[in-house]
């Protein structure tokens, strides 16, 4: 007999299991598994065994897995027709890269692994857990005491289930008691020799729900692994008190002998369980087999009878909700009365406690969703009583199987929570709901006075215009100064962490009919709305019941036309403007093949639309990620055809293995080009023992004149930030290369502005860096001469550039300071979960400046304004997909993953009317550089 405290712990674990599943398939078990093998973390298998006397149909069964924090997901759904014969096996194996390496082939493959300290489970087609095993206390799947993780060493080591006296899989409900380390493992598949099941008795666990004072019967089944011999066989059955006792009138004792008739394999009996009218904790008792006839062994001699009390509890909504994502009453029946319907959807409604009964706890919600499966018959303002079961739907507490009674109509709705500047919180250390920003508002009415759409509609297969990202404070979700949220601040850096914009959440506009289904919404649109906070597949969501658009952002949104007295200089990352030839180390397109000639022609037309209609035909345009001069010349020709603008193309090839380069498009009817040349093109560094070029895309210097004013523009495209915020050797290497690139460019800038201090100089393009330090290398600050060692891991010492350049981004309104959209994936934090494959928990669409314009003092004296053209980042995904077929400015929508910009400088007079050389104040004659040098070479 186990010690009492051990038995109680085991009962608690089994009760929890049986509370979640109404039945167990005792014949199917996880008999052996490995979550890491000689080939690494994906070298996995899960072996299933059928210990029953009949074949098992496993069609639609699932292999689920969990990590150590309880985030679970399906790894495999078994196809129709899958079965296991009696005494036989089925081998599930990881077929991903570096996957299962065993010599016994897997029968069915899955592709997403199980963590070393997670857990796994087999579920039937209805979602009931049949068998489960855990490798940590935090795993969502485990039975009793979990196993110990075998660590991260690559070896042929796993766990195998023990056998009982009859040779059948041992299943006591406690993982530690049931499994033993297998080293090496010995997996079996469907073609392996099946086990010969000896004759043995087994009894299966059982459970019943008690919902009233009426008695119920709990059926038990006793099984023989082979048909009973002539004359039949008997076995004695006795009930044993556990947390349920006969003395407390929980159930009636049973002490009897059963007979399994000749040729049969099963018999059954019932235990009478007494009903009750008041709530109670779940209880359990045991049933023991003894005195088996015919000297037949007892394979499983003990079963648990779980009494699951489901007496309806009278509760307020805030008692049902509790403070967490999982209701403290989940699985229980509740009656909640006198609440007010606040929103009605196609398959349910929300209701909220009247203000007079609302609780004083700010961390609990007074609203909840009632799932009705079909259109409910209630209306907003109805007062209702609801008798239902508390459910947890992807971490959304809700009521299901509801019986709804309307007791009044036209009641005043509860006062809404006002979302605005301070709620939800923008400080991750002071979230509005404690550990989350939204949980205490789930199901409640909310009003947003100053809403901002932060990102255009996503697209799903059934919804071309789906959810959008929003804020309630009227601000775009901008990347703010500091080290990335969740990344440790480097030693020697005084910057704080950026907060990760916890105030950002999503909005599903059509769920309650506030707007028609598939309504496009462009980022930058502002609105006022009333609605409900919900939780939708892993993320907090606002569902409006009414919404008013205050300012509707256009798409595309062009910059203003060029003033007659202005010289317009711009930059645009064209996002891999490639030709159809594969003549580089890697594909220019970044995909498995290069674009077709038709694709190239379409891209050229769309870029022309962006440059002509959105950027309004700048006089000088830095272009990044262009493969070749002929390709850029084709774009110049297209601009001439579309807008009658005379552009000349300039590009010199660099060192990028995929062939992308920087170049210029120059209005030859308005600007006179003196020279084009690369800077520091041959500069190299020691790249992990190999001599390599510092600049993959060497900066390109344009010297030109407009109305007698000589000026210079440097086109830049520095190394991407891809690895910068990560750990490891690749991150260290990339930070160092970025530092060297910025230092090199700073030296070039200083040389140029020292030689001609009164000559306007602009450094423009895709810097792949923010306008502030990320804590590692402030590339923009280094190039501009404003680098602070205290804010950067890599130290510079004295700034190279003096006087410092000015970043024209500082002149742009704050809500418009962005040129790139990046979705930060922060994982399952702050109440956000990994709801399914490909979902990374909290995902925040963040807009940020990567494309800058740095001006020296002379250029700043002439500065008029800087503007970003909008055609790429703010568009709904479907709108961008449809744009290719447009015949007007909309053709530009979605042509790149950056938005371009223009900077206007004051140059009086009509461009194209050149002053005599030397007449401009402070301008020297630099013809010794050679007109057109580098053009076309």
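The values are calculated or read from the model by the stated rules, or taken from the named source; none is laboratory data. These figures come from a predicted structure and were not determined experimentally. Reconstructed Cβ throughout: ideal geometry from the backbone, glycine too, with neighbour counts over all protein chains shown.
A few notes on this one:
- Scanning region 796-835 for residues that are free of Cβ contacts under 8 Å to residues at least 12 places away in the same chain and either in the same structural domain as residue 522 (by TED's automatic domain parsing) or over 29 Å from residue 758 (Cβ atoms) (or both) yields a count of 1.
- Any hit, region 837-844, residues being touching a strand residue (DSSP E or B) at 6+ places or on another chain (Cβ under 6 Å), under 29 Å from residue 494 (Cβ atoms) and not assigned by TED's automatic domain parsing to the domain that holds residue 901: yes
- Filter result for residue 883 (in contact (Cβ under 8 Å) with a residue 24 or more places away in the chain and either more than 30 Å from residue 508 (Cα to Cα) or not in a helix (DSSP H, G or I) (or both)): no
- Residues satisfying the stated conditions in region 103-131, i.e. free of Cβ contacts under 8 Å to residues at least 40 places away in the same chain and surrounded by 18 or more Cβ atoms within 10 Å (Cβ to Cβ): 108
- Taken together, the residues in region 607-663 that are under 16 Å from residue 871 (Cα atoms), surrounded by fewer than 24 Cβ atoms within 10 Å (Cβ to Cβ) and out of contact with any strand residue (DSSP E or B) (no Cβ under 8 Å at 6 or more places or on another chain) amount to 2.
- Residue among 822, 826 that alone is closer than 21 Å to residue 717 by Cα and either part of a strand (DSSP E or B) or touching a helix residue (DSSP H, G or I) at 6+ places or on another chain (Cβ under 9 Å) (or both): 822
- For region 874-906, the set of residues classified as surrounded by fewer than 24 Cβ atoms within 10 Å (Cβ to Cβ), closer than 19 Å to residue 469 by Cβ and touching a strand residue (DSSP E or B) at 6+ places or on another chain (Cβ under 7 Å) consists of 897, 898, listed by residue number.
- Odd one out for residue 120, checked against (1) under 13 Å from residue 64 (Cα atoms); (2) more than 26 Å from the chain's Cα centre (by Cα); (3) modelled with pLDDT of 95 or more: (2)
- Of the strands (runs of 3 or more DSSP E) lying entirely inside region 360-425, those containing at least 3 residues that are over 27 Å from residue 452 (Cα atoms) and at pLDDT 95 or above are 383-393, 396-408.
- Test: residue in region 64-79 that is in contact with a strand residue (DSSP E or B) (Cβ under 9 Å, 6 or more places away or on another chain), at pLDDT below 95, over 30 Å from residue 831 (Cα atoms) and surrounded by fewer than 21 Cβ atoms within 10 Å (Cβ to Cβ): yes
- Sole residue being within 24 Å of residue 163 (Cβ to Cβ) and touching a residue at least 60 places away in the same chain (Cβ under 8 Å), chosen from 239, 221, 302: 302
- Filtered residue count, region 346-359, keeping only those that are crowded, with 20+ Cβ neighbours inside 10 Å and either modelled with pLDDT under 95 or more than 18 Å from residue 542 (Cα to Cα) (or both): 1
- The residues on offer are 738, 842, and the sole one that is outside any loop (DSSP other than H, G, I, E, B), at negative phi and touching a helix residue (DSSP H, G or I) at 6+ places or on another chain (Cβ under 7 Å) is 738.
- Taking region 254-280 as the range and being in a loop (DSSP other than H, G, I, E, B) and farther than 24 Å from residue 308 by Cβ as the test, the residues that pass are 261, 262, 263, 264, 265.
- Matching entry among 167, 173 (being assigned to a loop (DSSP other than H, G, I, E, B), more than 17 Å from residue 117 (Cα to Cα) and touching a helix residue (DSSP H, G or I) at 6+ places or on another chain (Cβ under 7 Å)): 173
- Any hit, region 152-171, residues being assigned by TED's automatic domain parsing to the domain that holds residue 30, within 30 Å of residue 246 (Cα to Cα) and buried (at least 17 other Cβ atoms within 10 Å of the Cβ): yes
- Members of region 283-302 found to be modelled with pLDDT of 90 or more and part of a strand (DSSP E or B), listed by number: 283, 284, 285, 286, 287, 288, 289, 290
- Options 732, 716; residue that is at pLDDT 95 or above and buried (at least 21 other Cβ atoms within 10 Å of the Cβ): 716
- Filter result for residue 238 (touching a strand residue (DSSP E or B) at 6+ places or on another chain (Cβ under 8 Å) and buried (at least 21 other Cβ atoms within 10 Å of the Cβ)): no
- Looking across region 513-557 at every residue that is farther than 22 Å from residue 398 by Cα and in contact with a helix residue (DSSP H, G or I) (Cβ under 9 Å, 6 or more places away or on another chain), the one that is modelled with the lowest pLDDT is identified as 518.
- Taken over region 685-722, the criterion of being free of Cβ contacts under 8 Å to residues at least 40 places away in the same chain and under 19 Å from residue 851 (Cα atoms) is satisfied by 722 alone.
- The residues on offer are 152, 193, and the sole one that is free of Cβ contacts under 8 Å to residues at least 24 places away in the same chain, closer than 30 Å to residue 94 by Cα and within 46 Å of the chain's Cα centre (by Cα) is 193.
- Residue in region 307-317 that is buried (at least 22 other Cβ atoms within 10 Å of the Cβ), within 30 Å of residue 164 (Cα to Cα) and touching a helix residue (DSSP H, G or I) at 6+ places or on another chain (Cβ under 7 Å) present: no
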